[in-house]
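Asker: If you scroll down you'll find the structure; I have some questions about it.
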Amino acid sequence: MPLQGNTKGAVCSCLMGVDALDLEAELIISSADHYIKDDLQSIVTYFRSQKADAGVLSFESVHPKWSFVKLNADKQVIEAAEKVSISRNAVAGLYYFRQAKDFVSAAKSIIRKDNCIGGNFYLSSCLNELVLEKKRIILRHLDNAIYHNFYDAHAVKAFALSHDKHLNSVGKLTEQYVEAFNKRSLPSVIEIFDRDASLIDPDNQLIGQESIREMLLRLFSACDSFSFVAHSVMTEGYKSIIEFELQLNEKILRGVDIIEWNQKGKIIKLNAYLH
């Protein structure tokens, strides 16, 4: 629900939703003015694997319009600063907390201390409160090509141009999938699927790349005569629709594949329907 009126910064805005939080559960706070070309689940899994109490993403910059964190020898965050480049680790606008109550406690603490910058309370200041509590704060670095911040009109335009190019590649990826499937090239087909992809057809409900591989191996090896022909291909955003004809020996099947792709060009979901 949108806020009615302005607040004194991101910390106050986030606290407005405190009643909806499970204080014992994980919490992710993300800015709305950026795009991270990465898998959110893999980011969270990384922070979990590092047993992080909190985690931040970073990109390389020294421009003082960002917030920054400093690391110790173990690559844990030991200090944060807003609008002061204390390192080359500029903070991307995503914060992870293993328990929401840690954020709430830190946020209340900086407000009590009136620890504001330019009249606003920043999320980066919460990290310093967690450092004082000896919490484990982990940084995950993002390549600049993965992180896009829409800080001005030029940045928005540059992103739009590169994003349109990527969306156009969905059609090419779909063509590659059709060609590999028609050739019964199991390695090439499986390479296109994400590790955690799902495939659902009238006979299967499969989760995971390995399960899909085993099913396709049985399918490809069971037929002497095999062909997969796409009569039409349509793409919209990160989705492909293939109207196909599949020949399995003497049997001809006609149907539609609806494919969802992720930002890495991998299939994350395929639903097959027969006429």
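Asker: For region 16-40, give me each residue that is part of a loop (DSSP other than H, G, I, E, B), of a type in the set (Gly, Ala, Ser) and under 22 Å from the mean Cα position of the chain (by Cα).
Answerer: 25, 31, 32, listed by residue number.
Asker: Is it fair to say residue 178 is modelled with pLDDT of 90 or more, of a type outside the set (Phe, Trp, Tyr), in contact with a Phe, Trp or Tyr (Cβ under 6 Å, 6 or more places away or on another chain) and assigned to a helix (DSSP H, G or I)?
Answerer: No.
Asker: Give the residues of region 113-144 that are part of a loop (DSSP other than H, G, I, E, B), among the polar types (S, T, N, Q) and over 16 Å from residue 91 (Cα atoms), sorted by residue number.
Answerer: If the condition is that a residue be part of a loop (DSSP other than H, G, I, E, B), among the polar types (S, T, N, Q) and over 16 Å from residue 91 (Cα atoms), then 115 is the only one that fits.
Asker: Quick check: anything in region 51-63 more than 20 Å from residue 135 (Cα to Cα), outside the structural domain of residue 263 (by TED's automatic domain parsing) and touching a residue at least 60 places away in the same chain (Cβ under 8 Å)?
Answerer: Yes.
Asker: Within region 31-47, track down each residue that is surrounded by 14 or more Cβ atoms within 10 Å (Cβ to Cβ) and modelled with pLDDT of 90 or more.
Answerer: Within region 31-47, 43, 44, 46, 47 qualify.
Asker: Continuing with this model, one more query. Show the residue pairs that are 6+ apart or on different chains and have beta-carbon atoms under 9 Å apart, the first residue being within region 67-78 and outside any strand (DSSP E or B), the second being among the charged types (D, E, K, R).
Answerer: Short answer, once both residue conditions are applied: none.
The values are calculated or read from the model by the stated rules, or taken from the named source; none is laboratory data. Being a predicted model, the structure only gives us computed values, none of them experimental. Every residue, glycine among them, receives a Cβ derived from its backbone with ideal geometry; neighbour counts consider all protein chains shown.
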